[in-house]
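Novice: Take this structure first; my questions come after.
The values are calculated or read from the model by the stated rules, or taken from the named source; none is laboratory data. This one's a predicted model, so the numbers in the text were calculated from it and none came from an experiment. No Cβ is skipped: glycine too gets one built from the backbone with ideal geometry, and neighbour counts run over all protein chains shown.
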């Protein structure tokens, strides 16, 4: 399959949204993006239509595109869904000691890279944060849920990038919480994991009382 100019603009602009380089509430124009990526307006328009269909932006004819902010309701829904999926995945793994040990190894590897990343590199930190949680869901060996979590992980990345921008010091809590989550995975205590995960997500994203 040919990788078109429209595909490139779509990928690049979406990444700018996920890393909060393009902030929620910001208006951008086709012309600005076309100039930035040295393409005509046609592939930009096609990319914008895809991004709007996915809910990342809202189009206003002759005015441009509004980057849709992260709403409180969306944030709560994302956090609730993440707890459900990750807890379900871990519950299906803990009965298999070999699979559990393998998951712990992968989480520890992620943690090692997380500890080394430059805290000023919010995009990479947020990517590794999302990867940590995706490893847990992937270990559940349910392809449908894992696939859904990948798309959910994009919203996770954006929420984390936004949080890091507002409070860079939260990086230390994230790494510490992940270390404790990995430790609990090793104990095969799914109930304790669910409790810690809820506290981690609520604390990091400032959403105490998300409805759980």
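Novice: Let me spell it out: the conditions are (1) under 15 Å from the mean Cα position of the chain (by Cα); (2) buried (at least 21 other Cβ atoms within 10 Å of the Cβ); (3) free of Cβ contacts under 8 Å to residues at least 60 places away in the same chain, and residue 122 meets all of them except one. Which number is the exception?
Specialist: (3)
Novice: Yes or no: residue 196 surrounded by fewer than 19 Cβ atoms within 10 Å (Cβ to Cβ) and assigned by TED's automatic domain parsing to the domain that holds residue 111?
Specialist: Working: surrounded by fewer than 19 Cβ atoms within 10 Å (Cβ to Cβ): yes; assigned by TED's automatic domain parsing to the domain that holds residue 111: yes.
It is true that residue 196 is surrounded by fewer than 19 Cβ atoms within 10 Å (Cβ to Cβ) and assigned by TED's automatic domain parsing to the domain that holds residue 111.
Novice: Spot the failing condition for residue 103; the list is (1) at pLDDT 95 or above; (2) over 17 Å from the mean Cα position of the chain (by Cα); (3) under 20 Å from residue 10 (Cβ atoms), and only one is missed.
Specialist: With (1) at pLDDT 95 or above; (2) over 17 Å from the mean Cα position of the chain (by Cα); (3) under 20 Å from residue 10 (Cβ atoms) applied to residue 103, the lone miss is (3).
Novice: I would also like to ask the following. Which of the residues spanning the range 125-170 are surrounded by fewer than 23 Cβ atoms within 10 Å (Cβ to Cβ) and farther than 25 Å from residue 13 by Cα?
Specialist: Result: 135, 138, 140, 141, 142, 143, 144, 145, 169, 170.
Novice: Picking from 89, 52, 34, 47, which residue would you name as being touching a strand residue (DSSP E or B) at 6+ places or on another chain (Cβ under 9 Å) and either surrounded by fewer than 15 Cβ atoms within 10 Å (Cβ to Cβ) or in a helix (DSSP H, G or I) (or both)? Talk me through it step by step, then tell me what you get.
Specialist: Details: 89 fails: touching a strand residue (DSSP E or B) at 6+ places or on another chain (Cβ under 9 Å); 34 fails: touching a strand residue (DSSP E or B) at 6+ places or on another chain (Cβ under 9 Å); 47 fails: touching a strand residue (DSSP E or B) at 6+ places or on another chain (Cβ under 9 Å).
From the options 89, 52, 34, 47, the qualifying one is 52.
Novice: If you take the residues in the range 1-20 that are exposed (fewer than 14 other Cβ atoms within 10 Å of the Cβ) and part of a loop (DSSP other than H, G, I, E, B), which one is modelled with the lowest pLDDT?
Specialist: 1
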